[in-house]
Amino acid sequence: MLWREVTPLIVLFHVQRASPRRQDETVVAGGTVVLKCQVEDPDDSSLQWSNPAQQTLYFGEKRALRDNRIQLERSTPNELTISISDVVLADEGEYTCSIFTMPVRTAKALVTVLGIPQKPQIFGHEQPIDEEKVARLICRSSGSKPAAQLRWRKGNRDIKDTVTEVVEDPNGKTFTVTSRVEFRVTKEDNEVEVTCTVDHESLQNSERSTTQKLQVHYKPTAKIEPHPQYPREGEKLQLQCDGQGNPIPQEFLWEKEGSDAPLQLSSDSVLIFPFLNKSDSGTYVCTATSSMGSVVAKYNLDVSGEFPPLLTPFSLCQDGAPGGRSSIICCPAGSQLLFVSFFVSSPAWADASPVPSTSSTYHAMIGGVVAVIVFLLLSLLIVLGHYLIRHKGTYLTHEAKGSDDAPDADTAIINAEGGQAGGDDKKEYFI
């Protein structure tokens, strides 16, 4: 039977004329135990409590041992109850309740005191561990009674392969438990938590554990980032050598392929071009170095000052253009279809990375606007020509109307009206 420290432990005896009855109880160190002895037939005799050393604690109402932890709770002819607070390991043993009749009758109980284990400690993590090396960790907890159990956990996984050693403490009552674990570490184990937990019946629902973070040294990695991402000739360019690792690289060597002398060697990871020109084109190499080794990153810079034409006629009756985009205009001209194609090539004047320059987007937009304007103009001409063909008219010349021979304006008008009615009048057509 297990009780918390704040809960008194009650040992109840019914002392009868028959043989005494034994009852064992368990209490956690620091708790309180209550010893209660009852008898049905006292025969005008007094009850007495004595400790495992056979020292009398109480004889009826009278205190026999000067120990302020031991207090009288109740004393009657049929009952004697005492309490022992702040129980220690030395209080463990058999306690005896006696009634002095003829013969003397007794009842005993074994009180077991549990030793609370100390918070575990982890050793072996003080220094960083190199990648692919074996980590050897030790977890230790003292003061448990009986011996506690230790378990390991790395991240979210339990570690099963452990070696446990139990040693009795100098007091001869408690134990020190030591657990050892070994495992090979990788770069993913850096900053991973390793936990050692002690399990013991005295802790009940509580838990005592210690957590430490692993520090793993691993080789560096590096990549080069341009700022701006799409540089142009005449602009300022910064190449950032982004080095990662544990420890972080502290030395950066900049070189250009084909050049004998290094460009820069310092703790600064940035290489600066104040004013880009064509001679800066080439492959740049960054070597990042830490105590775990070196790593190389490369970047290809291509600077060109050539600007291609924005809009170039490509072909007729073509629905596509190799290597570029085409805008197709289909214009009806009589019974035939006319295809006009415009080719917009990618800009080749600045290619500092495998990704095309953003200026090609602006060229494409301008080319599209010009294509739309040409399309509208052609459409307008076609519509106007179609309208003129469908609405062709007739008219009479002055000679046909007879206005040249008329002596005055009234006669010319009359001759014109009469001339329009005649079937043999002259007509001219405008096509």
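The values are calculated or read from the model by the stated rules, or taken from the named source; none is laboratory data. These figures come from a predicted structure and were not determined experimentally. Don't worry about glycine lacking a Cβ; one is built from the backbone with ideal geometry, like all the others, and counts go over all protein chains shown. Only protein heavy atoms, including side chains, enter the accessible area calculation; ligands, DNA and RNA are left aside. Shrake-Rupley method; radii C 1.70, N 1.55, O 1.52, S 1.80 Å.
At a glance:
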{"read-out": "Residue, most open to solvent (accessible area, probe 1.4 Å), within the stretch 136-164, restricted to residues that are of a type in the set (A, V, I, L, M, F, W, C) and within 30 Å of Thr112 (Cα to Cα)", "value": "Val163"}
{"read-out": "Residue that is modelled with the lowest pLDDT, among those in the stretch 109-134 that are assigned to a loop (DSSP other than H, G, I, E, B) and of a type in the set (Asp, Glu)", "value": "Glu126"}
{"read-out": "Members of the stretch 260-286 found to be over 34 Å from the mean Cα position of the chain (by Cα) and open to solvent by less than 30 Å² (accessible area, probe 1.4 Å), listed by number", "value": "Phe273, Leu276, Asp280, Gly282"}
{"read-out": "Pairs where the first residue, in the stretch 51-79, is basic (Lys, Arg) and the second is surrounded by 13 or more Cβ atoms within 10 Å (Cβ to Cβ), C-beta under 6 Å, 6+ apart", "value": "Arg69/Ile84; Arg69/Ser85; Arg74/Thr81"}
{"read-out": "Residue within the stretch 210-218 that is within 30 Å of Ser144 (Cβ to Cβ) and open to solvent by less than 30 Å² (accessible area, probe 1.4 Å) present", "value": "yes"}
{"read-out": "Candidates Pro52, Pro103, Pro42, filtered to the one that is surrounded by fewer than 16 Cβ atoms within 10 Å (Cβ to Cβ) and more than 30 Å from Gly172 (Cα to Cα)", "value": "Pro103"}
